[in-house]
């Protein structure tokens, strides 16, 4: 709301334009003296008074209180929805241009919620394009704008920031952001179902990568139990996509595929291209886990084509690591090595976890070809990347591979050191290095029986 003097001048101008006296404007609800005092800027009108005067003057409360025509804010919100759909269709570059324009408009109009929405969109666009530092900057700016809003309103910004750190290989910090926000929501009594599902779905990935499978499974159970209270179908689809990861970690590939099928159906109905590509990606991984390698290759190539067409560089690189592993298992070593070499030419800007994964696969290929020195070099390089990220499960597996190689070449002591290192990286089931798991929300465990 503007200062009283500005509001008073606005009321006086509109009253004069409509040919009303102060007595006529006051009607029977207020006195002419009150209208005179208000127009002189000597009193701050209440919201009730302004809504009454706005109706009498044939304008909106928002325009009378701020000077902004209501239709401008409404149009801006509609334009933000269009930009969001543009991003969902996979046109991240075009969406980013539109979000920047809308951010400028929102700043000029002084509309902070719309500024935050535009910044969240820019953060998502930056993630699609693989610019993780830019993404984190946008999410942090959105969080600052929303700092005085209730925590559920800030959940999207926190989740975005955590995802940016996760994709950059900073798993522990991503867990910290998500866990602390879940705890704050629970402790404050602001257990908004949509905010909690958003955060629980986001934390499943880093938990699994850190080897905290019990925590991942618990987060999945809580998300599933909350899902019936969520009205956003895209959010429910994203939750099912992440829950599938816990099923895979538990060896429940049929359940994982069923969850992915639910997500895929929703994405197809909503025409969310990038998210649909993620489903193809994960279904390819499910097929690979079942040793259905031809089907896995087909799904992963579909995902890769969809993501590459939308210039989603970060996710394209991740799919290429999975595809290379399938090609290796199919015995097409040269094709897999060429794919990984192209990926590594980009450096590790797509995240230490995936650069480590690429070197691990190159090590396996060299190992299977009998190229021991090259294999060892790739394994050691991969260890360096993964130690930076804290990807505990991957580190333990890599230490086993390196230990096996060293043992086969007669270096028993070095092999023992590698095995010990791997054992040291194994997280105890259900734990991270962050302390106690987040508290469960204040609803009955029996509610979980209603989960889809």
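The values are calculated or read from the model by the stated rules, or taken from the named source; none is laboratory data. Since this is a predicted model, take the numbers as computed values, not measurements. Every residue, glycine as well, gets a Cβ built from its backbone with ideal geometry; the counts of neighbours run over all protein chains shown.
Of all residues in the range 278-292 being part of a helix (DSSP H, G or I) and free of Cβ contacts under 8 Å to residues at least 40 places away in the same chain, which is nearest to residue 325 (Cα to Cα)?
285
Within the range 102-112, how many residues are free of Cβ contacts under 8 Å to residues at least 12 places away in the same chain and touching a helix residue (DSSP H, G or I) at 6+ places or on another chain (Cβ under 8 Å)?
1
Against the condition surrounded by 18 or more Cβ atoms within 10 Å (Cβ to Cβ) and farther than 30 Å from residue 237 by Cα, how does residue 53 come out, does it pass?
Taking the combined requirement at face value, the residue satisfies it.
Determine whether residue 345 is more than 20 Å from the chain's Cα centre (by Cα) and at pLDDT 85 or above.
So residue 345 fails the test.
Take residues that are touching a helix residue (DSSP H, G or I) at 6+ places or on another chain (Cβ under 8 Å), within 30 Å of residue 270 (Cβ to Cβ) and touching a residue at least 24 places away in the same chain (Cβ under 8 Å) and tell me which of the helices (runs of 4 or more DSSP H) falling wholly in the range 10-96 contain 3 or more.
In the range 10-96, 70-88 are the helices (runs of 4 or more DSSP H) which contain 3 or more residues that are touching a helix residue (DSSP H, G or I) at 6+ places or on another chain (Cβ under 8 Å), within 30 Å of residue 270 (Cβ to Cβ) and touching a residue at least 24 places away in the same chain (Cβ under 8 Å).
Against the condition modelled with pLDDT of 90 or more, in contact with a helix residue (DSSP H, G or I) (Cβ under 6 Å, 6 or more places away or on another chain), within 25 Å of residue 287 (Cα to Cα) and part of a helix (DSSP H, G or I), how does residue 317 come out, does it pass?
no
Out of all the residues in the range 233-250, is one or more within 30 Å of residue 86 (Cβ to Cβ) and more than 19 Å from the chain's Cα centre (by Cα)?
Scanning the range 233-250, I find no residue that is within 30 Å of residue 86 (Cβ to Cβ) and more than 19 Å from the chain's Cα centre (by Cα), so the answer is no.
Check the range 253-267 and report whether any residue there is in a helix (DSSP H, G or I), modelled with pLDDT under 90 and within 26 Å of residue 133 (Cα to Cα).
no
Would you check if residue 122 is touching a residue at least 60 places away in the same chain (Cβ under 8 Å), over 22 Å from residue 212 (Cβ atoms) and under 14 Å from the mean Cα position of the chain (by Cα)?
no
Please go through the range 329-338 and give me each residue that is surrounded by fewer than 21 Cβ atoms within 10 Å (Cβ to Cβ) and assigned to a helix (DSSP H, G or I), ordered by number.
329, 333, 334, 335, 337, 338
Looking at 358, 308, 352, can you tell me which residue is free of Cβ contacts under 8 Å to residues at least 40 places away in the same chain, within 20 Å of the chain's Cα centre (by Cα) and on the phi < 0 side of the Ramachandran plot?
Step by step, each of 358, 308, 352 is checked, and only 308 is free of Cβ contacts under 8 Å to residues at least 40 places away in the same chain, within 20 Å of the chain's Cα centre (by Cα) and on the phi < 0 side of the Ramachandran plot.
If residue 255 satisfies every condition in (1) over 25 Å from residue 296 (Cα atoms); (2) surrounded by fewer than 18 Cβ atoms within 10 Å (Cβ to Cβ); (3) in contact with a helix residue (DSSP H, G or I) (Cβ under 7 Å, 6 or more places away or on another chain) but one, which is the exception?
(1)
Within the range 376-395, can one find any residue that is surrounded by fewer than 23 Cβ atoms within 10 Å (Cβ to Cβ), over 25 Å from the mean Cα position of the chain (by Cα), part of a loop (DSSP other than H, G, I, E, B) and modelled with pLDDT under 90?
Scanning the range 376-395 turns up no residue that is surrounded by fewer than 23 Cβ atoms within 10 Å (Cβ to Cβ), over 25 Å from the mean Cα position of the chain (by Cα), part of a loop (DSSP other than H, G, I, E, B) and modelled with pLDDT under 90.
Each row is one residue, and each column tells you yes or no for (1) part of a helix (DSSP H, G or I); (2) at pLDDT 90 or above; (3) out of contact with any helix residue (DSSP H, G or I) (no Cβ under 8 Å at 6 or more places or on another chain).
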{"position": "164", "(1), (2), (3)": "yes, yes, no"}
{"position": "177", "(1), (2), (3)": "yes, yes, no"}
{"position": "180", "(1), (2), (3)": "yes, yes, yes"}
{"position": "185", "(1), (2), (3)": "yes, no, no"}
{"position": "190", "(1), (2), (3)": "no, no, no"}
{"position": "196", "(1), (2), (3)": "yes, yes, no"}
{"position": "200", "(1), (2), (3)": "yes, yes, no"}
{"position": "204", "(1), (2), (3)": "yes, yes, no"}
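Please enumerate the residues belonging to the range 128-158 that are modelled with pLDDT of 90 or more, surrounded by 23 or more Cβ atoms within 10 Å (Cβ to Cβ) and part of a helix (DSSP H, G or I).
135, 138, 139, 142, 155, 157, 158
When both residues are 6+ apart or on different chains and their Cβ atoms are under 8 Å apart, which pairs have a first residue that lies in the range 143-154 and is under 16 Å from residue 110 (Cα atoms), and a second that is surrounded by fewer than 17 Cβ atoms within 10 Å (Cβ to Cβ) and at pLDDT 90 or above?
Listed pairs, sorted by first residue: 146/153.
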